[in-house]
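Enquirer: Quick one: the structure is below, questions incoming.
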Amino acid sequence: MNTLSMLPIPLLAWYQDNARDLPWRREVTAYRVWVSEIMLQQTRVAAVLGYFARFMEAFPTVADLAAAPEEQLMKLWQGLGYYSRARNLQKAAKQIMTEFDGVFPTEYKDLRRLAGVGEYTAAAIASIAYGQPLPAVDGNLLRVTARVLGDGTDITSGKGKKHFTELLQAVMPLEQPGRFNQAMMDLGATVCLPNGAPLCERCPARDFCVARAQDRTGSLPVRPEKKPRRIEARTVYFFTNRGRVALRQRPGKGLLAGLWEYPNTLEAEGDPLPAWGFSGVEPQFAGTGKHIFTHVEWHMTALRCELPEDALPVGWVWADREARQSRYAIPSAFAPFQDLVEGVGW
């Protein structure tokens with residue numbers, strides 16, 4: 001008997017008393033599970049709660065989401081990051097309306113056909129909403145499993161994920177697969193922590209966890225070192241006119257696709273003002289800021305100047321405070337300059 005097979009019974013008992021009270025667990029539907037899981041990708045639970053409530057109020061059904069104006073969708077998602085998730089949600093909602101007659105699919109293979117739904121998300125929906133015995137293998141499940149077993153397999157490799165999925169499949173309680181997955185998620189998020197020392201004294205696996213017995217919790221799970229992020233030095237321009245700020249829309253593909261931004265360029269590309277049609281303009285230094293994406297850091301220098309109303313290039317817009325707050329989805333990358341934009345009385 002491996003130690004992982006000893007986990008389900010004490011884990012589910014622990015979960016009975018320690019489950020996190022989350023809104024998508026209070027009313028369980030495939031739609032709500034799906035939206036929550038997409039929002040939670042690389043995002044903390046605390047950050048998702050407000051977004052989930054607003055999203056469900058705006059789009060209570062798949063049909064509502066499928067029919068929503070993209071501008072409204074992106075504005076609701078503003079600040080949550082990884083905006084392709086929102087576009088894939090709507091793309092998948094449209095798939096459900098056209099390919100599944102508006103009925104949320106119940107089979108794993110059909111869930112995997114939906115835009116943005118990978119193996120983990122499909123298994124989470126299938127197990128939590130439909131009671132199907134499929135392990136939803138995310139970072140939490142991988143970490144808990146590797147530590148309980150003392151298993152040094154690389155969790156980031158395809159072979160490693162398959163290995164751990166098979167181990168979890170073998171011990172999954174057939175009558176409570178959704179609770180098992182959620183219990184593992186909560187254990188990994190609140191006890192068997194990814195950063196810093198795990199809280200082993202609170203863990204239902206403390207008496208049989210191999211990593212704890214061998215003092216290896218700090219070295220498990222095994223994953224290769226991350227490559228350092230690329231650093232980009234950018235200049236951000238705050239062009240103003242009578243209380244308004246100039247915005248332009250980013251390209252439809254790539255980082256922050258389709259969102260509205262304050263015009264900016266890589267410092268290495270030189271002065272963009274002539275190309276934008278601005279002559280005799282001398283922006284003044286207005287501050288600095290930094291934003292960290294998954295693979296790149298923006299180190300930003302802000303410049304500011306007043307422009308005539310008719311000076312903007314084609315496609316740019318003047319946006320007052322109300323428009324910035326209610327209409328245009330502006331990435332949180334520019335949050336370091338929020339006080340500059342809102343507080344200087346333009």
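The values are calculated or read from the model by the stated rules, or taken from the named source; none is laboratory data. Since the model is a prediction, treat every value here as computed from it, not as a measurement. Heads up, the Cβs are rebuilt from the backbone with ideal geometry, glycines too, and the neighbour counts pull from every protein chain shown. Heavy atoms of the whole protein, side chains included, go into the accessibility calculation; ligands, DNA and RNA do not. Shrake-Rupley method; radii C 1.70, N 1.55, O 1.52, S 1.80 Å.
Enquirer: Which whole-number percentage describes the relative contact order of the range 42-100, with Cα contacts under 8 Å and a sequence gap of 6 or more?
Expert: Working: 30 pairs, mean separation 23.5, N = 59.
Value for the range 42-100: 40 percent.
Enquirer: A further question follows. Quote the FRET efficiency, to the nearest 0.05, computed for residue 206 versus residue 317 with a Förster distance R0 of 56 Å and r equal to the Cβ-Cβ distance.
Expert: Efficiency for this residue pair is about 0.45.
Enquirer: What distance in nm lies between label points placed 7 Å from Cα along the C-beta direction at residue 332 and residue 288?
Expert: 2.4 nm
Enquirer: Going toward the positive end of the dipole of the chain, with +1 on Lys and Arg Cβ and -1 on Asp and Glu Cβ, which of 136, 298, 35 do you reach last?
Expert: Of the candidates, 136 comes out farthest on the positive side.
Enquirer: Given labels modelled 7 Å from the Cα in the Cβ direction, how far is it in nm from residue 157 to residue 219?
Expert: Between residue 157 and residue 219, the label points sit 1.7 nm apart.
Enquirer: Calculate, for the chain, the solvent-accessible area per residue in square angstrom, rolling a 1.4 angstrom probe over the heavy atoms of the protein chains. Walk me through the numbers on the way to the answer.
Expert: Values: 17150 Å² over 346 residues.
Roughly 50 Å² per residue, with all protein chains present.
Enquirer: Can you send over the carbon and sulfur percentage of the accessible area for the chain, probe radius 1.4 Å, protein chains only?
Expert: Working: 8700 of 17150 Å².
The value for the chain is 51 percent carbon and sulfur by accessible area.
Enquirer: Could you sort 17-24, 127-134 so that the peptide with the highest average Cβ count within 10 Å comes first and the rest follow in order? Please list the in-between numbers first.
Expert: Values: 17-24: 12.9, 127-134: 20.2.
In descending order of packing, they fall as 127-134, 17-24.
Enquirer: Continuing with this model, one more query. At a 10 angstrom cut-off on C-beta neighbours, averaged per residue, how do the peptides 231-239, 218-226 rank from highest to lowest?
Expert: Details: 231-239: 18.9, 218-226: 13.1.
The packing order, highest mean first, is 231-239, 218-226.
Enquirer: Which whole-number percent gives the relative contact order of the chain, counting Cα pairs below 8 Å spaced six or more residues apart? The partial results should precede the final answer.
Expert: Values: 513 pairs, mean separation 59.5, N = 346.
Reported relative contact order: 17 percent.
Enquirer: Could you work out the local net charge near residue 200, counting Lys and Arg as +1, Asp and Glu as -1, over the other residues with Cβ closer than 15 Å to its Cβ? It would help to have the intermediate numbers written out before the result.
Expert: Numbers: positive: 143, 147, 202, 206, 212, 216; negative: 201, 207, 215.
Its environment carries a net charge of +3.
Enquirer: Do you know the relative contact order of the range 194-346, to the nearest whole percent, from alpha carbon pairs under 8 angstrom that are 6+ apart? Don't skip to the end; give the middle numbers.
Expert: Details: 209 pairs, mean separation 43.1, N = 153.
Reported as a whole number, the value is 28 percent.
Enquirer: Additional query: Expressed as an acute angle from 0 to 90° and rounded to the nearest 10, what is the orientation of the C-alpha long axis of helix 158-171 relative to the principal long axis of the chain?
Expert: 50 degrees
Enquirer: Quick one: helix 30-40 against the long Cα principal axis of the chain, what's the angle to the nearest 10°, folded into 0 to 90?
Expert: That works out to roughly 70 degrees.
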